[in-house]
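In what follows, a structure is listed as structure tokens, so that the remarks can point back to it.
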Amino acid sequence: MSDHAQHYFVPQPSHWMIIGSFALLFMAGGAVMWFNGADVGRYGVLAGFVLLVFMMFRWFGDVVRESESGKYGKREDVSFRWGMSWFIFSEVMFFAAFFGALFYARVLSVPDLGGLTSRELLWPDFSGQWPSAGPGFQDQFTPMAAWGVPALNTLLLLTSGVTLTIAHFGMVEGNRAKLKLWLFLTIALGVTFLGFQIYEYSHAYSELNLKLSTGIYGTTFFMLTGFHGFHVTIGVIMLTTMLFRSIAGHFKPDHHFAFEAVAWYWHFVDVVWLLLFIFVYWV
Amino acid sequence: MSAVIDTPGHGHADQDDHAYHPSGLMRWVTTTNHKDIGTMYLWFSFTMLLIGGVLALTIRSELFEPGMQIVNPEFFNQLTTMHGIIMVFGAIMPAFVGFANWQIPLMIGAPDMAFARMNNWSFWLLPVAASLLVISFFVPGGAPAAGWTLYAPLSTQMGPGMDLGIFALHIMGASSIMGSINIITTILNMRAPGMTLMKMPMFVWTWLITAYLLIAVMPVLAGAITMVLADRHFGTSFFNAAGGGDPVMFQHIFWFFGHPEVYIMILPAFGIISQVIPAFARKPLFGYASMVYATSSIAILSFIVWAHHMFTVVMPTAGLLFFMYATMLIAVPTGVKVFNWLATMWKGSMTFETPMLFAVGFLFVFTMGGFTGLMLAIMPVDVQLQDTYYVVAHFHYVLVAGSLFAIFAGTYFWIPKWTGRMYDETLGKWHFWLSLVFFNITFFPMHFLGLAGMPRRIPDYAAQFTGFNEIATIGAFGFGLSQLLFLYIVLKCGPLGKGEKAPARPWEGADTLEWTHLPSPAPYHSFHDQPEVK
């Protein structure tokens, strides 16, 4: 261990955290009012959200300044790596809950509802075949086909993983132009993905009669792809931040964990999409 | 090898005394110091213990006699629900995180937690969540009343109080995840040179494993309650059979979180007991490595036993058998731990100061809770006992006499290091004996009530249960009042600063770094120079 590795940076007292707590209080309180018919709650959610974004902007700003002024050595770097790894693990478990719900519906609850007991006693006409919106759903709907926009989106995200790796090569080689160009392309691919997803959702709502309320199929489809899309959005925001920081001359070939963390996150989002493509769209 | 740390105040000549911080309220609001944050966690959890305790005493008052006396049934359901949520998420879990904050950096020789600012946020999210929970009592329809397990379809039907509860759990979950990431990273990355994993104090080991469990299952709880929220307001059908979903699915997802959660609440207690018993037996912990492996085994097994909470829900026989045997398997590593504690005491030069009293009390009473757990694991027995007071007795034996007694043991053990003052030994012993006796008066009769068939979570009961219920209620008030003695003892050492001054190492058998390398009270910033561990 070098001498530098042993300076562990303990930050000064900071007031961003308490601002973040108030932000979440406003958002939660506002959302409860809003969901229960008091529309004024929307302003609480909005105020809380703005406060949260402000807080993150300033807090992360502090972190960036500390990083750029050389306060983080090897040991802090290891901390960040562990921290990001465990955070991604927690995200994996969050998605696992929703995939669990999908598998439960497909393997257990829907076939059971089409099983003998339910048929005799409750729903004689229900076959229990996937895709299904459940025995109580009276309308017709069309499930989302895999080999259109979703397949294209798979291609986009997989390509974006490659372009991001090329950008990382640029970073490690000290080739800033390469870094910025390929990072920009990655962001463009991510934004295109989101655009296609918005198109897909409007197609589902307007032409396929596939909605969030379309039984368990609509539920799992929109909740899984929706949370994934939300994560892509976060990823795009983080990638854009990395692009701005690259333009501002931040990072060194051997000191750029923020960039790597975003890359890890992006690959995680990519893997979740592959699972979605297989289990939500395709099989 | 020595280490220098950047402390708050560096660069300001006038603040360069390594103890600079804002004064007054802002010190606590903005602090990045693990000791300040640990103190706040502990006081928060004690406050929640009192609030949850008042709810419990209201429940016991209603159950003093058969018939409806004090509260209406709807409010009774809110009481049982909120008592559970507040005690689990507000009292027990934050107390252990408070111990982690105070002790882990001291025990591994680290200058602070790995992410000091995030550590602050982990704490300051808790008062937000607690406020939402308290507010829920005053909204139309009242607080959540579906039981702390929030089973659908009860939870998909209630008023705005349920939404407040859901958001409170989300925020507490975020707090737990951030806290756990911090704890794992601190343990993995900030140990003093020479302290290999297998040289870590047992308390640190148990928290490493607990933090892993938390990161693995808190997001699953977040997923489950998000599904409830979506079913409530956005028209989804996760738990609606007409839409192809299934209310039983909620139970599976919830208990996938819920069973590891019960080990989250007991493993740090095992860690505290594993520090206290060797100190007062004046012998090293017997079977250290087997303790580590046993703790890990318990953690791994905790992921494959969840459906033993659901034996009365329809499940294939193979599933019932699997979950029954997997659950009984947990008795093996737990037995390893109990026998190791006994072997640590064997031929030790034991003295029985208050921490040791609580640790020995823990051994007796927690183990009884373990045995009743083993009985409940037996599926045909559980079918009879499901949702009776036997279950209530069981989990209060492991959560009160297990987790809470360990928290008391740990507080008496470390308070000299935290405050620099010795607690009042006489009062401490009174606190122990009153707690132990009243605890058993409260909860022991519940075994009989449960075996006789009294259902839990019901405000009224048949007249033949009256006697045991009266005894339990008297015990509960005694137990609750005894905790005011604890409050007084802690106030006396802490804020009031009375009591004799504590030496650096008041317990001659304690040999971890905080006793051997730091004065009492531990300085605001400790381990500027990381000690070398041999």
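Suppose we keep only residues that are more than 9 Å from every other protein chain (Cβ to nearest Cβ) and among the hydrophobic types (A, V, I, L, M, F, W, C) within the stretch B:99-120. Which one would you say is farthest from B:Leu42 (Cα to Cα)?
Filtering first and then ranking leaves B:Ile108.
Among the residues in the stretch A:147-169, are any farther than 30 Å from A:Glu260 by Cα and either more than 14 Å from chain B (Cβ to nearest Cβ) or of a type outside the set (Val, Ile, Thr) (or both)?
Yes, the stretch A:147-169 contains a residue that is farther than 30 Å from A:Glu260 by Cα and either more than 14 Å from chain B (Cβ to nearest Cβ) or of a type outside the set (Val, Ile, Thr) (or both).
Collect the residues in the stretch A:248-273 that are farther than 21 Å from A:Phe221 by Cα, charged (D, E, K, R) and part of a helix (DSSP H, G or I), keeping them in residue-number order.
Across the stretch A:248-273, the qualifying residue is only A:Glu260.
Taking the conditions exactly as written (facing chain A (nearest Cβ under 8 Å) and not hydrophobic (A, V, I, L, M, F, W, C)), does B:Pro201 satisfy them or not?
Judged against the criteria, B:Pro201 is not a match.
Let me spell it out: the conditions are (1) buried (at least 18 other Cβ atoms within 10 Å of the Cβ); (2) under 24 Å from B:Asp112 (Cβ atoms); (3) at the interface with another protein chain (Cβ under 7 Å from one of its Cβ atoms); (4) of a type outside the set (A, V, I, L, M), and A:Phe94 meets all of them except one. Which number is the exception?
(2) is the only condition that A:Phe94 fails.
Give the residues of the stretch A:70-91 that are of a type outside the set (A, V, I, L, M, F, W, C), under 22 Å from B:Ser176 (Cβ atoms) and facing another protein chain (nearest Cβ under 8 Å), sorted by residue number.
A:Ser79, A:Gly83, A:Ser90, A:Glu91 - these are the residues of the stretch A:70-91 that are of a type outside the set (A, V, I, L, M, F, W, C), under 22 Å from B:Ser176 (Cβ atoms) and facing another protein chain (nearest Cβ under 8 Å).
Residues are listed down the side, and each one gets a yes or a no for (1) crowded, with 20+ Cβ neighbours inside 10 Å; (2) without any contact (Cβ under 8 Å) to a residue 60 or more places away in the chain:
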{"site": "A:Arg245", "(1), (2)": "no, no"}
{"site": "A:Lys252", "(1), (2)": "no, yes"}
{"site": "A:Ala261", "(1), (2)": "no, no"}
{"site": "A:Trp266", "(1), (2)": "yes, no"}
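When you look at B:Ala100, is it in a loop (DSSP other than H, G, I, E, B), of a type in the set (A, V, I, L, M) and in contact (Cβ under 8 Å) with a residue 12 or more places away in the chain, yes or no?
no
Taking the residues in the stretch A:97-130 that are of a type in the set (Gly, Ala, Ser) and out of contact with any Phe, Trp or Tyr (no Cβ under 9 Å at 6 or more places or on another chain) as candidates, determine which candidate is nearest to the other protein chains (Cβ to nearest Cβ).
Only one residue fits best here, namely A:Ser109.
Scan the stretch A:40-50 and give yes if some residue there is out of contact with any Leu (no Cβ under 7 Å at 6 or more places or on another chain), surrounded by fewer than 19 Cβ atoms within 10 Å (Cβ to Cβ), more than 8 Å from every other protein chain (Cβ to nearest Cβ) and among the charged types (D, E, K, R), otherwise no.
So far as the stretch A:40-50 goes, yes, one or more of its residues are out of contact with any Leu (no Cβ under 7 Å at 6 or more places or on another chain), surrounded by fewer than 19 Cβ atoms within 10 Å (Cβ to Cβ), more than 8 Å from every other protein chain (Cβ to nearest Cβ) and among the charged types (D, E, K, R).
May I ask you to say which residue of B:Ile166, B:Ile187, B:Ile177, B:Ile171 is closer than 30 Å to B:Pro531 by Cβ, in a helix (DSSP H, G or I) and either of a type outside the set (D, E, K, R) or away from every other protein chain (no Cβ under 11 Å) (or both)?
B:Ile187
Got a sec? Which of B:Met249, B:Met227, B:Met218 is of a type outside the set (Ser, Thr, Tyr), farther than 27 Å from B:Phe99 by Cβ, buried (at least 23 other Cβ atoms within 10 Å of the Cβ) and within 14 Å of chain A (Cβ to nearest Cβ)?
After ruling out the rest, the residue left standing is B:Met227.
If you go through the stretch B:63-75 one residue at a time, how many are buried (at least 16 other Cβ atoms within 10 Å of the Cβ), touching a helix residue (DSSP H, G or I) at 6+ places or on another chain (Cβ under 6 Å) and within 21 Å of B:Phe138 (Cα to Cα)?
1
Checking B:Phe238 against (1) under 25 Å from B:Leu214 (Cα atoms); (2) of a type outside the set (D, E, K, R); (3) surrounded by fewer than 22 Cβ atoms within 10 Å (Cβ to Cβ); (4) at the interface with chain A (Cβ under 9 Å from one of its Cβ atoms), which test does it fail?
(3)
Output yes when any residue across the stretch A:54-64 is over 17 Å from B:Asp163 (Cα atoms) and touching a Leu at 6+ places or on another chain (Cβ under 9 Å), and no when none is.
No - not one qualifying residue is present in the stretch A:54-64.
Tell me, which residue of the stretch A:188-238 that is hydroxyl-bearing (Ser, Thr, Tyr) and within 11 Å of chain B (Cβ to nearest Cβ) is surrounded by the most Cβ atoms within 10 Å (Cβ to Cβ)?
A:Thr219
Which ones in the stretch A:101-124 are under 18 Å from A:Val283 (Cα atoms) and either surrounded by 14 or more Cβ atoms within 10 Å (Cβ to Cβ) or among the aliphatic types (A, V, I, L, M) (or both)?
Across the stretch A:101-124, the qualifying residues are A:Ala101, A:Leu102, A:Tyr104, A:Ala105, A:Arg106, A:Val107, A:Leu108, A:Ser109, A:Val110, A:Pro111.
Scan the stretch B:1-58 residue by residue and report those that are facing chain A (nearest Cβ under 8 Å), in a helix (DSSP H, G or I) and either touching a Pro at 6+ places or on another chain (Cβ under 6 Å) or at pLDDT below 50 (or both).
B:Thr30
Just one of the numbered conditions (1) away from every other protein chain (no Cβ under 11 Å); (2) hydroxyl-bearing (Ser, Thr, Tyr); (3) outside any helix (DSSP H, G or I) is not true of A:Ser67; which one?
(3)
May I ask you to verify whether B:Val313 is more than 19 Å from the chain's Cα centre (by Cα), outside any loop (DSSP other than H, G, I, E, B) and surrounded by fewer than 18 Cβ atoms within 10 Å (Cβ to Cβ)?
When the stated conditions are applied, B:Val313 does not pass them.
Which of the residues spanning the stretch B:37-52 are more than 12 Å from B:Ile92 (Cα to Cα) and small (Gly, Ala, Ser)?
B:Gly38, the sole residue that qualifies.
For the stretch B:121-130, name all the residues that are more than 7 Å from chain A (Cβ to nearest Cβ) and either farther than 11 Å from B:Val29 by Cβ or among the aromatic types (Phe, Trp, Tyr) (or both).
Matches in the stretch B:121-130: B:Ser122, B:Phe123, B:Leu126, B:Ala129, B:Ala130.
What tally of residues in the stretch B:481-496 results from selecting those that are modelled with pLDDT of 95 or more and in contact with a strand residue (DSSP E or B) (Cβ under 6 Å, 6 or more places away or on another chain)?
Within the stretch B:481-496, residues that are modelled with pLDDT of 95 or more and in contact with a strand residue (DSSP E or B) (Cβ under 6 Å, 6 or more places away or on another chain) number 0.
Show the residue pairs meeting these rules: Cβ distance below 6 Å; 6+ apart or different chains; first residue within the stretch B:342-361 and under 10 Å from B:Ala409 (Cα atoms); second residue crowded, with 20+ Cβ neighbours inside 10 Å and of a type in the set (A, V, I, L, M).
Hits for this filter: B:Pro355/B:Val276; B:Pro355/B:Ala409; B:Phe358/B:Ala409; B:Ala359/B:Ile273; B:Ala359/B:Val276; B:Ala359/B:Ile277; B:Ala359/B:Ala409; B:Gly361/B:Leu436.
For the stretch B:131-142, name all the residues that are within 13 Å of another protein chain (Cβ to nearest Cβ) and part of a loop (DSSP other than H, G, I, E, B).
Across the stretch B:131-142, the qualifying residues are B:Phe138, B:Val139, B:Pro140, B:Gly141.
The values are calculated or read from the model by the stated rules, or taken from the named source; none is laboratory data. What you see is a predicted model, and the numbers here were worked out from it, not measured in a lab. With ideal geometry, Cβ positions are generated from the backbone for all residues, glycine too; neighbour counts draw on all protein chains shown.
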